[in-house]
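Q: One structure coming up, written as C-alpha cells, with questions to follow.
The values are calculated or read from the model by the stated rules, or taken from the named source; none is laboratory data. Note that this is a predicted model, so its numbers are computed, not measured. Ideal geometry is used to build each Cβ from the backbone, glycine not excepted, and the neighbour counts take in all protein chains shown. We work out accessible area using only protein heavy atoms, side chains counted, and drop any ligands, DNA or RNA first. Shrake-Rupley method; radii C 1.70, N 1.55, O 1.52, S 1.80 Å.
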Amino acid sequence: AVNRQWKGADGKKKEATDWFNVEAWGKLGETCQKYLRKGQLVFVEGRLQTDRYEAEDKTRFFTKVVASDMQMLGRKSEE
C-alpha cells in the first residue's frame, strides 16, 4: 500500500491509501517469502504490468508491480 496526502480545493488536508499487488520471482521471491511479514515496511522497485481476465462475461483489467528490487525498512523483527 502507498499512502498519499494533498490539500483539497477547500484547503483541508486529505489522505488516501492505494493498494496493489506485488509479484517477486526467483531469488528475490524466495527472500521475500522467507523474511517479509504482513505489516512490515518495505521499499519495492519494479515495473508496472497490466493483465486482464474474463469474469461474468466482462473483460477486467488489473495492474501489479513486478518487483526487481526490495529493501526492508525499519527495525528487525523480534520473531
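Q: Of F61, M72, Q33, which is farthest along the charge dipole of the chain in the positive direction, counting Lys and Arg as +1 and Asp and Glu as -1 at C-beta?
A: The listed residue farthest towards the positive side: M72.
Q: When the dipole is taken about the Cα centre of the chain, and only Lys, Arg (+1) and Asp, Glu (-1) are charged at their Cβ, what size is it in debye, to the nearest 20?
A: Working: 16 positive and 13 negative charges, 78 e Å.
The dipole of the chain has a size of about 380 debye.
Q: A further question follows. With a point put 7 Å past each Cα toward its Cβ, work out how far L48 is from T31 in nm, to one decimal.
A: 2.5
Q: In the chain, carbon and sulfur make up what percent of the accessible area (probe 1.4 Å)?
A: Numbers: 3560 of 7330 Å².
Roughly 49 percent, rounded to a whole number.
Q: Next question, about the same structure. Give me the percent relative contact order of segment 1-74, please, defined on Cα pairs under 8 angstrom at least 6 residues apart.
A: Normalised by residue count, the contact order of segment 1-74 is 30 percent.
Q: In deg cm²/dmol, rounded to 500, what helix-only [θ] at 222 nm does the chain give when every DSSP H run of at least 4 residues adds -39500 (n - 2.57) and the total is split over its residues?
A: Details: 1 runs with 10 residues, N = 79.
Value at 222 nm, helices only: -3500 deg cm²/dmol.
Q: Go ahead and run the numbers for FRET between E56 and V22, Cβ-Cβ distance against an R0 of 25 Å, rounding to 0.05.
A: Details: r = 26 Å, r/R0 = 1.05.
It comes to 0.40.
Q: Report which label in (1) -0.53, -1.06; (2) -0.29, -1.00; (3) -0.37, -1.15 holds the value of log10 I(q)/I(0) by the Debye sum over Cα atoms at q = 0.12, 0.22 Å⁻¹ derived from the coordinates of this structure.
A: The value computed from this structure is option (1).
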